[in-house]
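To start, the structure under review is shown below, and the notes come after it.
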Ligand code: USQ
């Protein structure tokens, strides 16, 4: 199916605008919605990203000049139900990509206000979306960005969304048990439960993409125009681990490996995120189906990522050091980890695996901005203890 009308919620974030451009380039009619919530959180905390893209209307203009394609943008709050309904009435999407959540685990653990912001924003935004679809058109396919972190690190294989359990001679298939490791991850478990509920009640069609940490900034659509690249956060709150390590390496700061560094997660390149979302849209879930894909391409320990960055740095003559610092989080540092990730490969995903060439390319770009890197944003300041 091509030429679908797709509304991307959270179009201003790390993945949002890249997704808008990717879907637009693939021939879909795309609109983006955002209220700069994530941008404002970082600004208020004085955590500027290294690459700081222009606002959405400017990026839409740049994209129009580059591609000849229009991406209308709506500056609206998804927590405002009436505003969302109005946007959906005007654009009449056939599918919605839902990225519009507070995405940071450390932010969600900072204190009572940040916990509340995370919980309210992530659950009310999802509920509003469900209710708007319920009111307007129950055939709209929802592709929601979930997280691999909802599963935690159980001592058995992680299946793709569901687990069949035998109990006293009978069998039933349940959603796979969730053991999230931060309040942020808990809200992603809860928004999944919300969507599953409405799939059963209202026959909504939902795909939940349980994604691992994403790395990278490059995409075919942005090409070499730096203004179309995503924001590159490297601070301790909004930066994800591999992006942080690349910036730390460029700044000559020892890589901040939390604890022993044996924490294993499923990672993927930003370009693969874009493909996964498009594949999910082009082969939609059925009415009543809550479909779950585990969205990552390979697993690494934190220490393996650090070694990969050391190696890439050496190619550029950088002597990158690795520092094992006390872990601010409560998480297993040595554990079994074997998640299934078949669904997206079956839909045609051809992964971009992590290699030195990509890390070197990213390091080169970051080195161009080295004078803007803030060294005070490297050490973790938020612990999981609370009650301070
Ligand atoms: N870590 C370090 N050093 C650092 C930063 C992180 O050792 O400087 C470790 C963390 O302790 C953790 C792992 O690296 O074990 C991943 O941390 P992260 O900050 O890259 O990722 P996380 O907090 O789990 O969250 C990120 C995104 C979130 C997404 C999630 C996917 O911020 O939006 O949902 O990755 S997942 O991790 O699979 O849940």
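The values are calculated or read from the model by the stated rules, or taken from the named source; none is laboratory data. Given the structure is predicted, the values throughout are model-derived calculations rather than measurements. Neighbour counts are summed over all protein chains in view; Cβ atoms, including those assigned to glycine, are modelled from backbone coordinates with ideal geometry.
Points worth noting:
- Index of the failed condition, residue 236 passing every other in (1) buried (at least 21 other Cβ atoms within 10 Å of the Cβ); (2) farther than 29 Å from residue 129 by Cβ; (3) under 21 Å from the mean Cα position of the chain (by Cα): (1)
- Residue satisfying all of: in segment 129-143; farther than 19 Å from residue 80 by Cβ and surrounded by 23 or more Cβ atoms within 10 Å (Cβ to Cβ); nearest to the chain's Cα centre (by Cα) among these: 143
- Residue within segment 329-338 that is farther than 19 Å from residue 304 by Cα and over 20 Å from the mean Cα position of the chain (by Cα) present: yes
- Single match in 240, 207 (criterion: out of contact with any helix residue (DSSP H, G or I) (no Cβ under 8 Å at 6 or more places or on another chain) and within 22 Å of residue 189 (Cα to Cα)): 240
- The sole residue among 46, 40 that is closer than 30 Å to residue 375 by Cα, more than 16 Å from the chain's Cα centre (by Cα), outside any helix (DSSP H, G or I) and free of Cβ contacts under 8 Å to residues at least 24 places away in the same chain is 46.
- Any hit, segment 354-368, residues being in a loop (DSSP other than H, G, I, E, B), on the phi < 0 side of the Ramachandran plot and either more than 16 Å from the ligand (Cβ to nearest atom) or free of Cβ contacts under 8 Å to residues at least 24 places away in the same chain (or both): yes
- Segment 142-182, residues that are part of a strand (DSSP E or B) and more than 22 Å from residue 273 (Cβ to Cβ): 162, 163, 164, 165, 166, 167, 170, 171, 172, 173, 174, 175
- Out of 309, 292, 302, sole residue that is in contact (Cβ under 8 Å) with a residue 60 or more places away in the chain and more than 26 Å from residue 237 (Cα to Cα): 292
- Options 18, 95, 31; residue that is modelled with pLDDT of 95 or more, within 16 Å of the ligand (Cβ to nearest atom), closer than 29 Å to residue 131 by Cβ and crowded, with 18+ Cβ neighbours inside 10 Å: 18
- Conditions (1) within 16 Å of the ligand (Cβ to nearest atom); (2) under 30 Å from residue 370 (Cβ atoms); (3) buried (at least 18 other Cβ atoms within 10 Å of the Cβ); number of the one not met by residue 324: (3)
- Residue match in segment 148-168 (condition: within 16 Å of the ligand (Cβ to nearest atom) and closer than 28 Å to residue 74 by Cα): no
- The selection criterion, being within 20 Å of residue 38 (Cα to Cα), at pLDDT 95 or above, assigned to a helix (DSSP H, G or I) and out of contact with any helix residue (DSSP H, G or I) (no Cβ under 9 Å at 6 or more places or on another chain), holds for residue 113.
- Test result for residue 194, touching a helix residue (DSSP H, G or I) at 6+ places or on another chain (Cβ under 7 Å) and either away from the ligand (no atom under 14 Å from the Cβ) or under 23 Å from residue 96 (Cα atoms) (or both): yes
- Checklist (1) more than 16 Å from the ligand (Cβ to nearest atom); (2) part of a helix (DSSP H, G or I) applied to residue 139, failing item: (2)
- Residue check, residue 71 within 19 Å of residue 27 (Cβ to Cβ) and in contact (Cβ under 8 Å) with a residue 24 or more places away in the chain: yes
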